[in-house]
Structures are given as structure tokens and as C-alpha cells.
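> Before I ask anything, here is the structure I am working with.
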Amino acid sequence: MSGDGAVITRPKKQFQWQGLHVPFIAPWSTEQHPPATIVLRTGVGGTGIGYADELSHVDRRRGVLWARQAVARGSGTPFLAGVHPLRQRQAMSHMLCQVCGESTHGSALRRWGERHLFVARAPKGRPLGEGEVTTTPPICLPCARESVGACPNLRKGWTAALAERALPWGVAGLGYDEKTLKPLPLPETGLHTVPIDHPRERWTLAMRDAVTLHGVTSIDLADLTRLGAGEGGAL
């Protein structure tokens with residue numbers, strides 16, 4: 001910690017695969033999901049799912065059960081299309097770049113009017129809007145420029161925006177049936193999303209943190225690049 005009270009973090013080690021940066025939030029082949037038995041558990045707040053061998057201080061956050069996954073970043077083969085639950089949560093909680101893992105609280109944040117950059121899939125061209133719910137962590141400009149050219153999903157269409165605030169909204173994960181304790185079918189959009197304090201939270205195995213974006217301004221990455229080079233006005 002520095003003299004002014006700011007927390008100094010060590011730079012995240014960078015890994016490359018086939019000439020591209022491996023996203024910080026991507027899982028690796030050795031980061032397996034350990035065996036876990038889902039059981040009915042009653043505690044503070046009511047009844048829901050739990051692990052048979054649960055450790056509440058490890059397996060839960062804000063009372064919500066989280067998916068277990070080993071941590072061995074950089075070991076094995078990366079799964080570029082996947083998301084590691086813990087690192088995604090860290091990126092959301094601390095506003096870390098989803099690709100390089102570095103803090104997005106820096107000179108760019110000040111240059112952009114205390115706003116963070118978010119880039120998301122937009123195959124139909126829909127921009128990120130005010131109050132948008134997203135499980136996609138922020139990203140720094142160099143990583144954003146690399147990602148929109150390298151990521152197959154983003155090449156199908158993407159949108160970028162600056163956001164003043166990213167506020168906790170809930171989680172995305174696997175929903176479980178209250179009677180059978182079996183996973184529910186997934187919606188077409190992917191994982192089940194559940195807001196904070198919703199009754200379904202206790203029946204959801206969380207795999208992503210979800211936030212809402214506020215003070216949203218759609219932008220072009222080229223405009224941010226020019227601003228970084230000292231060219232023209234505010235965004």
C-alpha cells in the first residue's frame with residue numbers, strides 16, 4: 001500500500017496462445033471443476049441448494065452458492081470462449097481488465113472523465129444502454145482493440161461504451177429445481193440471471209457476477225485512440 005492509502009497491486013502475468021493474449025478471465029484445461037454434491041440446505045434467509053461438504057466462507061458470497069473451479073492460470077491449454085468464475089468475479093469487483101487483468105483505474109479513466117470502457121457482443125448492432133445488465137467485465141483500450149479483431153464472437157458484431165458506474169445487480173449461473181435438485185434447462189441467452197435478494201438466488205449456482213451500467217455513453221474505439229494520442233475534445 002502506498003503512502004496515500006492506495007492499494008498497489010502486482011502486475012498480472014500475461015500469457016499468450018497462438019500469438020494472442022489469453023484473457024485473464026479465461027479458464028485453462030487444468031482448472032477442472034472438482035466433484036461436488038448438491039444438497040438441500042436451510043440457513044439464514046431460508047432454504048436452497050448447498051454443497052454436501054460446503055465451506056461457507058469459501059463457497060458462498062453474499063449468501064449465494066458459487067461454482068467451484070480449480071485455480072491454475074497458465075497451466076495447460078486455454079479455453080478462450082470460457083469464463084473462470086473466480087477471476088470473472090475478481091474482475092467485476094475490482095474493475096480489472098478482462099483480458100490483461102490490470103486495473104482499469106488509471107490514466108485512461110481520468111482522461112475519459114472517470115469512466116470505464118466496456119465492450120460487448122452486438123451481432124444485431126444494439127448498443128449498450130443505460131441500466132444495462134452485463135456479466136462482461138471492463139477492458140482497457142489496447143486489449144479492446146486486440147479483442148475486436150481476434151475474438152470470433154466479437155467479429156460477428158460488437159459495441160463499446162464508457163460507463164461512469166458499474167453497480168452490483170446479481171448473478172448468472174445454473175438454476176436448480178426446488179423439488180428434484182436437478183439443473184433447470186438453460187435459456188437461449190445462456191445462464192439464468194437472478195437479481196440480488198430474489199428468492200431464486202438460493203436455488204442458483206452462481207458462475208458470473210452481474211452488474212448494471214450507469215452513465216453510459218456509446219463510443220467508437222477509434223475516438224478513444226485519438227483522445228489517447230492527445231487529439232481533440234471530450235467524449
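The values are calculated or read from the model by the stated rules, or taken from the named source; none is laboratory data. Everything quoted here is computed from the prediction, not taken from an experiment. We place every Cβ from the backbone using ideal geometry, glycine too, and count neighbours over all the protein chains shown.
> Hey, among Ala122, Ala150, Ala144, Ala160, which residue is in contact (Cβ under 8 Å) with a residue 60 or more places away in the chain, surrounded by fewer than 20 Cβ atoms within 10 Å (Cβ to Cβ) and among the hydrophobic types (A, V, I, L, M, F, W, C)?
Ala150
> Does at least one position in segment 165-176 carry a residue that is surrounded by fewer than 17 Cβ atoms within 10 Å (Cβ to Cβ), at pLDDT below 95 and hydrophobic (A, V, I, L, M, F, W, C)? Reasoning before the result, please.
Initial filter on segment 165-176 (surrounded by fewer than 17 Cβ atoms within 10 Å (Cβ to Cβ)): 165, 167-168.
Those left that are additionally at pLDDT below 95: none.
No - not one qualifying residue is present in segment 165-176.
> Could you tell me which of the residues Val83, Val7 is part of a loop (DSSP other than H, G, I, E, B), among the aliphatic types (A, V, I, L, M) and modelled with pLDDT of 95 or more?
One residue alone meets the criteria, Val83.
> Now a separate question. Out of everything in segment 178-222 that is touching a residue at least 12 places away in the same chain (Cβ under 8 Å) and charged (D, E, K, R), what residue ends up being surrounded by the most Cβ atoms within 10 Å (Cβ to Cβ)?
Filtering segment 178-222 for residues that are touching a residue at least 12 places away in the same chain (Cβ under 8 Å) and charged (D, E, K, R), the one surrounded by the most Cβ atoms within 10 Å (Cβ to Cβ) comes out as Asp209.
> Can you go through His105, His116 and tell me which one is of a type outside the set (A, V, I, L, M) and within 26 Å of Gly157 (Cβ to Cβ)?
Details: His105 fails: within 26 Å of Gly157 (Cβ to Cβ).
Of the residues listed, the single one that is of a type outside the set (A, V, I, L, M) and within 26 Å of Gly157 (Cβ to Cβ) is His116.
> Out of Trp28, Trp66, report the one residue that is surrounded by 16 or more Cβ atoms within 10 Å (Cβ to Cβ), over 17 Å from Leu174 (Cα atoms) and in contact with a Lys or Arg (Cβ under 7 Å, 6 or more places away or on another chain). Before the answer, list the steps.
Values: Trp66 fails: over 17 Å from Leu174 (Cα atoms).
Result of the check over Trp28, Trp66: Trp28.
> If you don't mind, another one. Only one of these conditions is not met by Glu132: (1) touching a residue at least 60 places away in the same chain (Cβ under 8 Å); (2) at negative phi; (3) more than 17 Å from the chain's Cα centre (by Cα). Which number is it?
The one condition Glu132 does not meet is (3).
> Ok, one more. Could you check Asp53 against (1) more than 23 Å from Ala210 (Cα to Cα); (2) in contact with a Leu (Cβ under 7 Å, 6 or more places away or on another chain); (3) free of Cβ contacts under 8 Å to residues at least 40 places away in the same chain and say which number it fails?
Result: Asp53 fails condition (2) only.
> Hey, any hits in segment 88-101 for a residue that's more than 12 Å from the chain's Cα centre (by Cα) and either part of a helix (DSSP H, G or I) or in contact (Cβ under 8 Å) with a residue 12 or more places away in the chain (or both)?
Quick first cut of segment 88-101, residues more than 12 Å from the chain's Cα centre (by Cα) only: 100.
Narrowing the set further to residues that are either part of a helix (DSSP H, G or I) or in contact (Cβ under 8 Å) with a residue 12 or more places away in the chain (or both) leaves 100.
Within segment 88-101, one or more residues are more than 12 Å from the chain's Cα centre (by Cα) and either part of a helix (DSSP H, G or I) or in contact (Cβ under 8 Å) with a residue 12 or more places away in the chain (or both).
> Can you spot a residue in segment 137-159 that is closer than 14 Å to His116 by Cα and charged (D, E, K, R)?
No, there is no match, as no residue in segment 137-159 is closer than 14 Å to His116 by Cα and charged (D, E, K, R).
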